[in-house]
Structure formats: C-alpha cells, structure tokens
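Visitor: Quick one: the structure is below, and I'll ask about it shortly.
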Amino acid sequence: MDGARLEQVDRIIEGAISDKTIPGAVVSVVRGDKIAYLKAYGNKSLVPEVETLTVETMFDLASVSKCVGTTLCVMQLIETGLIRLTDRVDMYIPGFKPWTDTETGETVDITVRDLMTHSSGLDAYPDVEAYVAEFGENTPEKFEAYAATSVGRNFRPGTRCLYSCINFVTLQRILERVTGERLCEYAQSHVFGPLGLKHTTYLPDNEQKKLCAPTEVQADGKPFTGAVHDPLARRIMGGNSGNAGVFSNAGDLSVICSAIMNGGALPGAAPQARILGPLTVDLMCQAPVQNDPAVGRALGWDKDGWNPGTRGDIFDPETSIWHTGYTGPSIVIDMKTKTALIILTNRVHPEDKGSLARLRAQAANIVAGAILN
C-alpha cells in the first residue's frame, strides 16, 4: 500500500475533530494478516475531564456488535448443524408469529435468514420507555415473548429491508436456547477467546472499563463508561444483547477482520483458533439469492451495491461487506483485496449529535486508492 496516500486519512479525521463532530478516533487499516496503518487522534474523553486517546482504548461498538459478535456466533451454529438459515423462528421460540397478509389471510413464517438480513419485516426498535413501564428493566425472557407476539410484522419476509435491532435480539435468544449459554459467554469461549482477544468483551469488568471511551453524558452530568449506550441492550437486555453490547479496540478488531479475510482463521493458527470455515465465510459475505435484490444485505453485514455508503466509491460492491454503529464505529472489509478499514470513535460524547456518513466514505476511498497491488 502507498503509505503517503494512507496518511491522507489524517486530514479527514483531524477535520472532524476540529469541527467537533468527534472528540477523537482510532483508525486501523488491515491488509491480509498485517496492520498497514494504525493511529490514534484527539481525545478519549472531554467530560468529566479531558483525556488523550490511545490505540489501546476500547469503544462501545453499538451495532458493529451485530457482525463481530452475534453474526460470527450464529454462523458457527449453522456450520455445526445446530440451526439452518431456512429454519423457522418458531422452531426455537414457540408462538413466534408469522407475517400475515391482511387482504388474503396468507401467512409466511419468519426464518433465521430473514433475521440475519433484516428482511423479516419486524419493527426496527421497541419503545423502550413504554416497554420498561409495562415489563420492567433487565427482562430478556419477557422481551423474547414481546418480540414473538407484539412486534409489528411490516411486510412479506424476504422482499424488503427494514433494519431492526429486534432481529438480532431474536437471533441471540435462538442461540441461547440452542447452546444453553448466554451470548456473552458463547462469544467469549468460541470467538473472542480462540482468536486470543484480550480487549473484546460484553459487560467489561472494572479493569476493562478504565480503557473504555465514554459515550453520552447523562442527566447527572456523568457519561456512560463501559456500560452500553444502546437503551434496548442496556435497559432491557442487561448488557448481554444481540443488537449491541460488545466493547473492543482497534488491535482486536484488526485480528477479527484478518481472520475473516483469511477464511475464518489467522494464517498459521492452530485448528482450535479457527472460528469459521472458508465456505462459511464465503456464505456470510454474500446476499442470499432467496431474497429480493432490494434487500441489499449479506448475512449480518451490509452489502447494498446500489448505495455505496460506508464502503465509499472504489471498493468492489460484489466483494465488500461493512457495518456501522450508532456511537460512531465502522468496519469495511473488501474480500478481493483482503483490505479492512476500522474506524473507532465515540461520536455521542459528550452529546449525541453529528453524522459520520461522509467521513466514513471519504476514508474508505483513501484506503482503496492506496492499494498498489
């Protein structure tokens, strides 16, 4: 890669810090099994005090948790034969309602594939205040029943895309029923642990919290630090949640991206360090042919060839996957060139404002343009 071109990322990030869109950021560019560029910019926190960001800083990944946590775990269950993409959700969650055509009365069952590609038609997000008022906080079993019976079914599964956090909490509950483990425990023992990750976890302990970048400042004047920002994940699911809740740093995410680009394991890794088989990775990175092309999603990842968005203009839409998180992080992976771009930032600190859409695309274009061969 062209190092001078990669350094142009600095201008994009420093501009966002200067205009107060973000307090700081960490950028990692991975090529194959090597980190080609790794740099921290700006501040980790502004409240209650200013603290400089380092490459070791852990970030609340928000919805990037869906792909590096829930998706990798569910893909393992698929390749070990515990579940199938075509399985109906009601095979695992009894009473899970299908979609019903209000004119004809026809019903269509919602499948695991529908959940993973956000084509189930389930509502995007619950009214957390109303739910908590009725069912209470930290009530994952009640939320499972709520999703099964009370959440809207907005269209025929597989025909459209409605990005839904409820999809991935439902996937979490399927995994927990099949394995008998909580998602946080399964991910640690089957994904994060085998890859040797030391700074990737749900529910950070006290030592890990010291490394966490804070997010939004609350009414008491203190920011969340080491507690997931997402209200569904924090208030309803208790931090162990399929839609959000993973905390990680740039080094660990670089390892995850490298393993994905290398077919599910790091080069030269022992067999027990493989998290997925190469054919499973290939499947994960493709938009299912059973879905309408309008869905535009791979399994757990975004892949909309008509809407470049986070991947920018240069990376091949056929070979690229990506995901973003509400708090600021994003990952782009191009499987053809084995290149990944990781941007970690706490956009919502100290206040929830500003957009990173243009910054992400600009950075992706710079990285793609720096590839020499």
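Visitor: Would you mind computing, in nm to one decimal, how far apart the modelled labels at Ala133 and Asp19 are, each placed 7 Å from Cα along Cα→Cβ?
Guide: It works out to 3.9 nm between the two label points.
Visitor: Okay, next question. Note the full-extension length gain between Val289 and Asp101 as 0.36 nm times their separation in residues minus their Cα-Cα distance, in nm to one decimal.
Guide: Full extension of this stretch gives 65.4 nm more.
Visitor: In whole Å and largest first, what semi-axes does the C-alpha gyration tensor of the range 32-113 yield when each eigenvalue is scaled by 5 and square-rooted?
Guide: Semi-axes (√(5λ), whole Å): 43, 20, 11.
Visitor: Per residue, what accessible area does the range 1-64 have, given a 1.4 Å probe and all protein chains present, in Å²?
Guide: Numbers: 2890 Å² over 64 residues.
Solvent-accessible surface per residue comes out at 45 Å².
Visitor: Would you list the P(r) distribution for the range 75-118, with all Cα-Cα distances sorted into 5 Å bins from 0 and each bin expressed as a whole %?
Guide: 6, 21, 25, 22, 15, 6, 3, 2, 0
Visitor: How much of the pair distance distribution for the chain lies past 33 Å, counting alpha-carbon pairs only, in percent? Please report the intermediate quantities before stating the final value.
Guide: On the way: 17879 of 69378 pairs.
For the chain, the share of Cα pairs beyond 33 Å comes to 26 percent.
Visitor: In the range 163-211, what trypsin sites (Lys or Arg not before Pro) fall in a loop by DSSP, with at most 14 other Cβ atoms inside 10 Å?
Guide: Values: sites: Arg173, Arg177, Arg182, Lys198, Lys209, Lys210; in loops: Arg182, Lys198, Lys210.
Hits after loop and neighbour filter: Lys198, Lys210.
Visitor: Moving to a separate point now. Asn43's amide H: which non-local residues (gap 5+, or another chain) put their own amide H closer than 5 Å, with H modeled 1.01 Å from N in plane and none for Pro or chain starts?
Guide: HN-HN under 5 Å from Asn43: Gly24, Ala25, Leu53.
Visitor: Give the separation of the Cα centroids, the range 330-373 to the range 47-94, in Å.
Guide: Distance between centres, Cα-based: 19 Å.
Visitor: Within straight cross-link reach of Lys34, meaning Cα distance under 17 Å, which lysines are found once same-chain residues fewer than 8 apart are removed?
Guide: Of all the lysines, those that pass the test against Lys34 - Cα under 17 Å, at least 8 places apart if same chain - are Lys336, Lys338.
Visitor: Also, I was wondering about something else. At 1.4 Å probe size, with the rest of the protein present, what percent of the exposed accessible area of the chain is carbon and sulfur atoms? Could you put the intermediate results ahead of the total?
Guide: Working: 7550 of 14990 Å².
Its accessible area is 50 percent carbon and sulfur atoms.
Visitor: Quick check: the distance between the Cα centres of the range 249-301 and the range 205-226, to the nearest angstrom?
Guide: 30 Å
Visitor: Here's something else I'd like to know. For the range 268-321, run through the chymotrypsin sites (Phe, Trp or Tyr not before Pro) and keep only the ones in DSSP coil with at most 13 other Cβ atoms within 10 Å of their Cβ.
Guide: Counting only loop positions with at most 13 other Cβ atoms within 10 Å, the chymotrypsin sites (Phe, Trp or Tyr not before Pro) in the range 268-321 are Trp306.
Visitor: If the reach is capped at under 17 angstrom between alpha carbons, list the lysines near Lys97, excluding any in the same chain fewer than eight residues apart.
Guide: Lys142
Visitor: Is the range 242-369 rounded, prolate or oblate when judged by the Cα gyration tensor, a ≥ b ≥ c being the square roots of its eigenvalues, rounded requiring a/c under 1.5 and prolate requiring a/b larger than b/c? Walk me through the numbers before you get to the answer.
Guide: On the way: a/c = 1.59, a/b = 1.21, b/c = 1.32.
Here the range 242-369 falls in the oblate category.
Visitor: Using θ = phi - 60° and the Karplus relation 6.51 cos²θ - 1.76 cosθ + 1.60, list the HN-Hα couplings for the range 205-211 in order, rounded to whole Hz, with x at every Gly or Pro.
Guide: Result, ordered by residue: 7, 4, 5, 5, 4, 5, 8 Hz.
Visitor: Top mean-square fluctuation among Ala269, Ala40, Ala16, Gaussian network model of the chain, C-alpha springs under 10 Å?
Guide: For the chain, modelled as a Gaussian network with Cα springs under 10 Å, the answer is Ala269.
Visitor: Let me ask something else. Going by a ≥ b ≥ c, the root eigenvalues of the Cα gyration tensor, does the range 125-242 fall in the rounded group (a/c under 1.5), the prolate group (a/b larger than b/c) or the oblate group?
Guide: Values: a/c = 1.92, a/b = 1.25, b/c = 1.54.
Because a/c hits 1.5 or more and a/b fails to exceed b/c, the range 125-242 counts as oblate.
Visitor: Per residue, how big is the convex hull around the C-alpha atoms of the range 189-319? Give it to me in cubic angstrom, could you?
Guide: 163 Å³
Visitor: Calculate, in nm to one decimal, what Met91 and Glu207 gain on full extension: separation in residues at 0.36 nm each, minus their alpha carbon distance.
Guide: Working: separation 116, 0.36 × 116 = 41.76 nm, distance 4.02 nm.
Stretched out fully, the Met91 to Glu207 stretch lengthens by 37.7 nm.
Visitor: Sort the range 169-235 into rounded, prolate or oblate with this rule: let a ≥ b ≥ c be the square roots of the eigenvalues of the Cα gyration tensor; rounded if a/c is under 1.5, and if a/c is not under 1.5, prolate when a/b is larger than b/c, oblate otherwise.
Guide: Verdict is oblate for the range 169-235.
Visitor: Could you compute the longest span of the chain free of GluC sites (Glu not before Pro) located in DSSP loops and having at most 11 other Cβ atoms within 10 Å, not counting the site residues?
Guide: By the stated rule (loop sites, at most 11 other Cβ atoms within 10 Å), 107-373.
Visitor: Along each principal axis of its Cα atoms, how long is the range 1-147 end to end? Whole angstroms, biggest number first, please.
Guide: Taking the Cα atoms of the range 1-147, the three principal extents are 60, 41, 31 Å.
Visitor: Considering the chain as a Gaussian network with a 10 Å cut-off on Cα pairs, which listed residue, Leu341, Leu122, Leu283, attains the greatest mean-square fluctuation?
Guide: Leu283
Visitor: At 1.4 Å probe size, with every protein chain present, just tell me what the per residue accessible area of the range 111-246 comes to in Å².
Guide: 38 Å²
The values are calculated or read from the model by the stated rules, or taken from the named source; none is laboratory data. The model shown is predicted, which means the values in this text are computed figures rather than measured ones. Neighbour counts are summed over all protein chains in view; Cβ atoms, including those assigned to glycine, are modelled from backbone coordinates with ideal geometry. These area figures cover heavy atoms from the full protein model, side chains too; ligands, DNA and RNA do not enter into them. Shrake-Rupley method; radii C 1.70, N 1.55, O 1.52, S 1.80 Å.
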